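S.K.: First, the structure itself, so that you have it in front of you.
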There are 2 protein chains.
Amino acid sequence: MKRVLVTGATGFVGRHCLLPLIERGYEVHALSRAAGRPLSVPGVQWHGLDLLRDTGRLESLLADLRCSHLLHLAWFTEPGKYWTAPENLQWVSGSLRLVDAFAGTEGRRLVVAGSCAEVDWASSVVSDGMVLSCPRTLYGWSKLSLYLVLAAYASRVSLSLGWGRLFFMYGPHEHPARLVPNVATALLKKSPAPCSHGRQVRDFLFVHDVADALTALLDSTVEGPVNIVSGQTHTVAQVVHQIASLLRGEHLIRWGAVPTSPDEPVQLVGEARRLREEIHWSPRFSLAEGIAQTVSWWQEQLQPKAA
Amino acid sequence: MKRVLVTGATGFVGRHCLLPLIERGYEVHALSRAAGRPLSVPGVQWHGLDLLRDTGRLESLLADLRCSHLLHLAWFTEPGKYWTAPENLQWVSGSLRLVDAFAGTEGRRLVVAGSCAEVDWASSVVSDGMVLSCPRTLYGWSKLSLYLVLAAYASRVSLSLGWGRLFFMYGPHEHPARLVPNVATALLKKSPAPCSHGRQVRDFLFVHDVADALTALLDSTVEGPVNIVSGQTHTVAQVVHQIASLLRGEHLIRWGAVPTSPDEPVQLVGEARRLREEIHWSPRFSLAEGIAQTVSWWQEQLQPKAA
């Protein structure tokens, strides 16, 4: 019996993982700060508690459930703040307590969300195996440190640890302040969409693919860092054009209106080697398909609800 | 007013830091798991709580005291176990909570005990600045990860962080299972003293000097890792000879009776550059003086107490 606890289950990535986990035969237990059933995914059992504050209740829950698997996605992710927020420290500490409690029950296999922010952005392509590196932000150092200590701990207590390193994601339910929602909602309202120069090269992955890759990683025995990427690179401008051409809004894009930081890397992409060769996973959605679904979703959100 | 909280204050290093802190003009608050006054150092105020378990009380204490300084020495250090003990994870997590709570009050300056175990032992001399490295043990990875995340956090919240990297220490109150106590007590009892081959090159520092260097570091504004070392190197055999010649016990040393691990580095020493040039500190005790004091102390311990 595969029984998984999902943290961050109502978040952008977490909410999309629930159905794929059910489909892979997991009994799914989801954490949420709110009580009740925040999302109506059939078969998911919800547990309302605050991972950072309700530490006693978290330990009791883990002791009761004796989950075989843990998918740990929860973190402080407020756009514009999470890079430097002191809260990062609490998330490292809370994540360590969570994993320690998980290992103390029947826990065997866990996957934790890493980030492309945990590596040195000076490298042209982030290899899966790149570990000892110099992140630029407190968020990056926090994720890196968490990985280093968990990897040593996991090998000591015979826990199997996969580290799903997330890059650039888009899709339904993304925070409205981020690139794709920002441009899509502006154009849907026929308003100007301020953008940066758009020449940044990134690996964009549709959130349904991100969720599917993470659950495939969880379901495997692959250990250590695995880049969760499409293996395709696009410029920010290509993504914006894709949205604009669907919504006939090219004339509303204000290139260069948003300044870029000199710290921001020109290229930030990751190799998809382990995902392809060891997990035998590849994306189901092209950029065009993903953007089309995302734009439709935002279109629905902006439509006045029928009475 | 300089007010310091000392964790691990009853431990091998911590207990020797209390008087030097008083002498440097600190109001000294010491944590101890036991209630009462575990050590009778004049001027020290004791607070009985468990750093890992009494988290609410720790936060209240920090809020009450509003310490300007923190000297964080507490860790799981049971000989033979601490290298690989799963408890290391709890100490990383507990240390993060402690520092976060300290920063949330009036905290300005902290020094945390690092270790020569947090760096790659393949290098011949550990430089102060060596950071991104490959430790060999869970203990080493735990200390390294703690440093990485705390350094990023400290610079974000304007906290001044010194990292005192401890090497090989000896002196009164050392755990009896360790090298110097082991040899000294065997020879004092006229028993054979099993030793390894003795050719390992190390930097040994008398614990009074370790404590003095740590308090000098705390009292400075020097940030980042600082090796707490003598800058002199000795072989294990030289240390053993020093004890044996004081106790006329050369004939009782059993060289080669204790196997060494193939993992154990031949040489593990650190440069003393920052300690000398930035903190203007040098040891007060030679190896001969330190060993003489240590042997006398063990002699007293083994004497039958007067009625």
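The values are calculated or read from the model by the stated rules, or taken from the named source; none is laboratory data. Please read all numbers here as calculations on a predicted model, not as lab measurements. Here the Cβ positions follow ideal geometry from the backbone for every residue, glycine too, while neighbour counts run over all protein chains shown. Only protein heavy atoms, including side chains, enter the accessible area calculation; ligands, DNA and RNA are left aside. Shrake-Rupley method; radii C 1.70, N 1.55, O 1.52, S 1.80 Å.
S.K.: Answer yes or no as to whether B:Thr55 is hydroxyl-bearing (Ser, Thr, Tyr), within 14 Å of another protein chain (Cβ to nearest Cβ) and more than 15 Å from B:Leu144 (Cα to Cα).
M.R.: Yes, satisfied.
S.K.: Keeping to the range A:117-129, report how many residues are open to solvent by 10 Å² or more (accessible area, probe 1.4 Å) and under 17 Å from the mean Cα position of the chain (by Cα).
M.R.: Counting residues in the range A:117-129 that are open to solvent by 10 Å² or more (accessible area, probe 1.4 Å) and under 17 Å from the mean Cα position of the chain (by Cα) gives 0.
S.K.: Give the residues of the range B:236-258 that are in contact with a Gly (Cβ under 9 Å, 6 or more places away or on another chain), in a loop (DSSP other than H, G, I, E, B) and not hydrophobic (A, V, I, L, M, F, W, C), sorted by residue number.
M.R.: Across the range B:236-258, the qualifying residue is only B:Gly256.
S.K.: Which one is surrounded by the fewest Cβ atoms within 10 Å (Cβ to Cβ), of the residues in the range B:260-277 that are out of contact with any Lys or Arg (no Cβ under 7 Å at 6 or more places or on another chain) and more than 16 Å from B:Asp203 (Cα to Cα)?
M.R.: B:Pro262
S.K.: Determine, yes or no, whether A:Leu18 is under 17 Å from A:Leu214 (Cβ atoms), assigned to a strand (DSSP E or B) and in contact with a strand residue (DSSP E or B) (Cβ under 7 Å, 6 or more places away or on another chain). Give the derivation first.
M.R.: Details: under 17 Å from A:Leu214 (Cβ atoms): yes; assigned to a strand (DSSP E or B): no; in contact with a strand residue (DSSP E or B) (Cβ under 7 Å, 6 or more places away or on another chain): yes.
In short, no.
S.K.: Would you tally the residues in the range B:78-109 being away from chain A (no Cβ under 14 Å) and buried (at least 19 other Cβ atoms within 10 Å of the Cβ)?
M.R.: Number satisfying all stated conditions: 1.
S.K.: What is the residue count in the range B:25-40 for residues that are in a loop (DSSP other than H, G, I, E, B) and surrounded by 13 or more Cβ atoms within 10 Å (Cβ to Cβ)?
M.R.: Number satisfying all stated conditions: 4.
S.K.: Filter the range A:278-302 for residues that are assigned to a helix (DSSP H, G or I) and touching a Phe, Trp or Tyr at 6+ places or on another chain (Cβ under 7 Å); which is most open to solvent (accessible area, probe 1.4 Å)?
M.R.: Out of the qualifying residues, it is A:Leu287.
S.K.: Which one is farthest from the other protein chains (Cβ to nearest Cβ) among residues in the range B:141-159 that are touching a Ser or Thr at 6+ places or on another chain (Cβ under 6 Å) and within 13 Å of A:Leu148 (Cβ to Cβ)?
M.R.: Restricting to residues being touching a Ser or Thr at 6+ places or on another chain (Cβ under 6 Å) and within 13 Å of A:Leu148 (Cβ to Cβ), the top hit is B:Lys143.
S.K.: Tell me the residue from A:Arg284, A:Arg254, A:Arg276 that is more than 21 Å from the chain's Cα centre (by Cα), at pLDDT 95 or above and of a type in the set (Lys, Arg), please. First the steps, then the outcome.
M.R.: On the way: A:Arg284 fails: more than 21 Å from the chain's Cα centre (by Cα); A:Arg276 fails: more than 21 Å from the chain's Cα centre (by Cα).
So the residue among A:Arg284, A:Arg254, A:Arg276 that is more than 21 Å from the chain's Cα centre (by Cα), at pLDDT 95 or above and of a type in the set (Lys, Arg) is A:Arg254.
S.K.: Given the criteria modelled with pLDDT of 95 or more, surrounded by 19 or more Cβ atoms within 10 Å (Cβ to Cβ) and not β-branched (Val, Ile, Thr), does B:Gly114 qualify?
M.R.: Against the criterion (modelled with pLDDT of 95 or more, surrounded by 19 or more Cβ atoms within 10 Å (Cβ to Cβ) and not β-branched (Val, Ile, Thr)), B:Gly114 qualifies.
S.K.: Looking at the structure I just gave you, is B:Ser123 small (Gly, Ala, Ser) and assigned to a helix (DSSP H, G or I)?
M.R.: no
S.K.: OK, next. Only one residue in B:Gly94, B:Gly43 is in a loop (DSSP other than H, G, I, E, B) and either over 24 Å from B:Lys143 (Cα atoms) or modelled with pLDDT of 95 or more (or both). Which one?
M.R.: Numbers: B:Gly94 fails: in a loop (DSSP other than H, G, I, E, B).
None of the other options fit; the residue is B:Gly43.
S.K.: To continue, here is another question. What single numbered condition from (1) surrounded by 15 or more Cβ atoms within 10 Å (Cβ to Cβ); (2) touching a residue at least 24 places away in the same chain (Cβ under 8 Å); (3) closer than 20 Å to B:Val229 by Cα fails to hold for B:Ser133?
M.R.: Evaluating B:Ser133 over (1) surrounded by 15 or more Cβ atoms within 10 Å (Cβ to Cβ); (2) touching a residue at least 24 places away in the same chain (Cβ under 8 Å); (3) closer than 20 Å to B:Val229 by Cα leaves (2) as the failure.
S.K.: In the range B:56-75, which residues are surrounded by 17 or more Cβ atoms within 10 Å (Cβ to Cβ) and of a type outside the set (A, V, I, L, M)?
M.R.: B:Glu59, B:Cys67, B:Ser68, B:His69, B:His72, B:Trp75
S.K.: Still on this structure, please answer the following. Across the range A:46-57, what is the total count of residues that are touching a Gly at 6+ places or on another chain (Cβ under 8 Å) and assigned to a loop (DSSP other than H, G, I, E, B)?
M.R.: Summing the residues that are touching a Gly at 6+ places or on another chain (Cβ under 8 Å) and assigned to a loop (DSSP other than H, G, I, E, B) in the range A:46-57 gives 2.
S.K.: For the range B:149-188, name all the residues that are free of Cβ contacts under 8 Å to residues at least 24 places away in the same chain and of a type in the set (Lys, Arg).
M.R.: Of the range B:149-188, the ones free of Cβ contacts under 8 Å to residues at least 24 places away in the same chain are B:152, B:155-156, B:158, B:176, B:182.
The answer is B:Arg156, and nothing else.
S.K.: While we're looking at this one, here's another question. Looking at the structure I just gave you, is A:Glu87 of a type outside the set (A, V, I, L, M) and out of contact with any Phe, Trp or Tyr (no Cβ under 7 Å at 6 or more places or on another chain)?
M.R.: So A:Glu87 does not fit the description; no.
S.K.: Please specify each residue of the range A:58-77 satisfying the condition of being at negative phi, more than 14 Å from chain B (Cβ to nearest Cβ) and assigned to a loop (DSSP other than H, G, I, E, B).
M.R.: Of everything in the range A:58-77, those that are at negative phi, more than 14 Å from chain B (Cβ to nearest Cβ) and assigned to a loop (DSSP other than H, G, I, E, B) turn out to be A:Cys67, A:Ser68, A:Leu73, A:Ala74, A:Thr77.
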